[in-house]
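Chemist: Structure incoming, see below.
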Amino acid sequence: PGGSPSSIANVLRRSAMVSASDVVPPAMRIRFRIVPAVSPDAPLRLLTVHAHPDDEASKGAATVACLNAQGVHCVLVCCTGGEAGDILNPEMDRPDVRGDLAAVRESELARAAAIIGYDEVVMLGYRDSGMKDSEANAHPGAFANADPDEAVGRLVAIIRRVRPQVIVTYPDARGEYDHPDHVQVHDVTVPAFHAAGDPDRYPEAGPAWQPSKLYYTMWSRARIIGRHTKFLELGIDSPYDDWWFERPSRDHLLTTKVPIGEHWDVGVEALRAHATQIDPSSPFWFGLPDDVARTIYPFDDYRLEFSHVGHPAEGDLEDDLFAGLRGTMTATG
């Protein structure tokens, strides 16, 4: 404290010549890690982590389409095969589909990812955990039962290979949408974000790479109210019952609203690609005319959970997941 920048730098240089083990007892050591600078001409890369086939279509699909159109390399990690999902489209509830649901859902995922504009889809390799207390939830291969260290290591290996600056995943779903796989996605992705940049963690997973920003997908209360109100205005029964409004609003946690008007249709078409999971007559997804629905809330919402390149000023909202990374790519820790 009180030293000039040059004197502090000299002290740091001298300190670097002395091993921490020579001067600090092990119990008192605090580990500091310098986040490496990212080259200004490094290609922009996005990695999203989702639980099941269809989640990538219902959460942030238009954002990915927008970024892909800008030349951002977009990679999707899907943690499970969706084997335990119900077949919600009556036309797809057939013996041939039920008999090989995992393969059908993976094929649907490939179609949806192509519509959205993902450059690569990576399956993390776990089984769908189903809902709590279900038979699927007790399966030893279920994602919810995965060894945490192994699951984090699998994702770290993908992060280090893809080298994304931005990762998008879920907030902690406990107490709300308490699906075991969504909870696990959060619990695996957050530590993987940090571990990927630590060369001492998972050294077998490849050279360390520290992503710059970690986001959570959000569905704002403003979006839900807008859609609910429009249903009522048009004299259509709203699929948004009291449950949607009894939950506490988390709009105050939003940091980022990405305009998606030009790519709104992508999310709708990607949803329709999941023919087993999405009923084409569903009022929740398709109850409003497209030309109306696209204008109600033309944004995708996110919360910036962690950043090595700064946060928006209080009261400001970002409109780009790569804010702070375009042009000026230096990461600081």
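The values are calculated or read from the model by the stated rules, or taken from the named source; none is laboratory data. Since the structure is predicted, the reported quantities are computational estimates derived from the model, not experimental observations. We place every Cβ from the backbone using ideal geometry, glycine too, and count neighbours over all the protein chains shown. With ligands, DNA and RNA removed, areas are computed over all heavy atoms of the protein, side chains included. Shrake-Rupley method; radii C 1.70, N 1.55, O 1.52, S 1.80 Å.
Chemist: Search the structure for amide H atoms under 5 Å from the amide H of THR255, placed 1.01 Å from N in the peptide plane, and list their residues when 5 or more places away or on another chain.
Modeler: Residues meeting the criterion, in which the H sits 1.01 Å from N, are TYR302, ARG303, LEU304.
Chemist: Just check segment 220-272 against the gyration tensor rule for me: Cα atoms, a ≥ b ≥ c as the square roots of the eigenvalues, rounded for a/c under 1.5, and otherwise prolate or oblate depending on whether a/b exceeds b/c.
Modeler: Details: a/c = 2.00, a/b = 1.09, b/c = 1.83.
Oblate, because a/c is 1.5 or more while a/b does not exceed b/c.
Chemist: Right, something else. Can you list the aspartates and glutamates whose alpha carbon sits under 19 Å from that of LYS230, skipping same-chain ones fewer than 8 residues off?
Modeler: Hits, sequence-local ones excluded: ASP241, ASP242, ASP265, ASP290, ASP291, ASP300.
Chemist: What nm value, rounded to one decimal, do you get for the distance between LEU317 and GLU262 when each label is placed 7 Å out toward the C-beta?
Modeler: In this crude spin-label approximation the distance works out to 1.9 nm.
Chemist: I've got another one for you. Would you grab the residues whose amide H sits under 5 Å from the one on ASP198? Only those 5+ places off in sequence or on another chain, please, with H modelled 1.01 Å from N.
Modeler: So ASP198 has HN proximity to TRP209.
Chemist: Hey, what do the phi angles of segment 83-96 turn into as Karplus ³J(HN,Hα) couplings, whole Hz, using 6.51/-1.76/1.60 and θ = phi - 60°, x for Gly and Pro?
Modeler: Running phi through 6.51 cos²θ - 1.76 cosθ + 1.60 with θ = phi - 60° gives 4, 8, x, 6, 8, 8, 9, x, 5, 9, 7, 10, x, 5 Hz.
Chemist: Right, another one. Rounded, prolate or oblate: which fits segment 95-168 when a ≥ b ≥ c are the square roots of the eigenvalues of the alpha-carbon gyration tensor, with rounded for a/c under 1.5 and prolate only if a/b beats b/c? Each step should come with its number before you reach the end.
Modeler: On the way: a/c = 2.66, a/b = 1.16, b/c = 2.29.
Oblate.
Chemist: Then there's this: Applying 1/(1 + (r/R0)^6) with R0 = 25 Å to the Cβ-Cβ distance of ARG98 and ASP133, what FRET efficiency is obtained, to the nearest 0.05?
Modeler: Taking R0 as 25 Å, the efficiency between ARG98 and ASP133 is 0.70.
Chemist: In whole Hz and in residue order, list the ³J(HN,Hα) couplings for segment 272-279 that follow from phi through the Karplus curve 6.51 cos²θ - 1.76 cosθ + 1.60, θ = phi - 60°; x for Gly and Pro.
Modeler: Each residue of segment 272-279 in turn: 5, 5, 8, 5, 7, 9, 10, 6 Hz.
Chemist: Charges only on Cβ, +1 for Lys and Arg, -1 for Asp and Glu: so what's the dipole of segment 112-257 about the Cα centre, in debye to the nearest 20?
Modeler: The dipole magnitude comes to about 660 debye.
Chemist: To the nearest 20 debye, what charge dipole does segment 191-237 have about its Cα centre, counting +1 at the Cβ of each Lys and Arg and -1 at the Cβ of each Asp and Glu?
Modeler: Roughly 320 debye for segment 191-237.
Chemist: For a 24 Å ceiling on Cα separation, which of these pairs sit above it: LYS132/LYS213; LYS59/LYS132; LYS132/LYS257?
Modeler: Flagged as over cut-off: LYS132/LYS213; LYS132/LYS257.
Chemist: Given H placed 1.01 Å from N in the peptide plane, which residues other than close sequence neighbours of VAL122 have an amide H under 5 Å from its amide H?
Modeler: Residues meeting the criterion, in which the H sits 1.01 Å from N, are LEU76, VAL77, CYS78.
Chemist: So, R0 is 51 Å and r is the distance between the beta-carbons of TRP244 and GLU204; what FRET efficiency does that work out to, to 0.05?
Modeler: Between TRP244 and GLU204 the formula returns 0.70.
Chemist: Computing the accessible area with a 1.4 Å probe over protein heavy atoms, can you report the carbon and sulfur percentage for segment 106-163?
Modeler: On the way: 1390 of 2790 Å².
The value for segment 106-163 is 50 percent carbon and sulfur by accessible area.
Chemist: Along segment 306-318, what does the Karplus equation 6.51 cos²θ - 1.76 cosθ + 1.60 (θ = phi - 60°) give for ³J(HN,Hα), rounded to whole Hz, x for Gly and Pro?
Modeler: 8, 8, 9, 10, x, 10, x, 4, 4, x, 9, 10, 6
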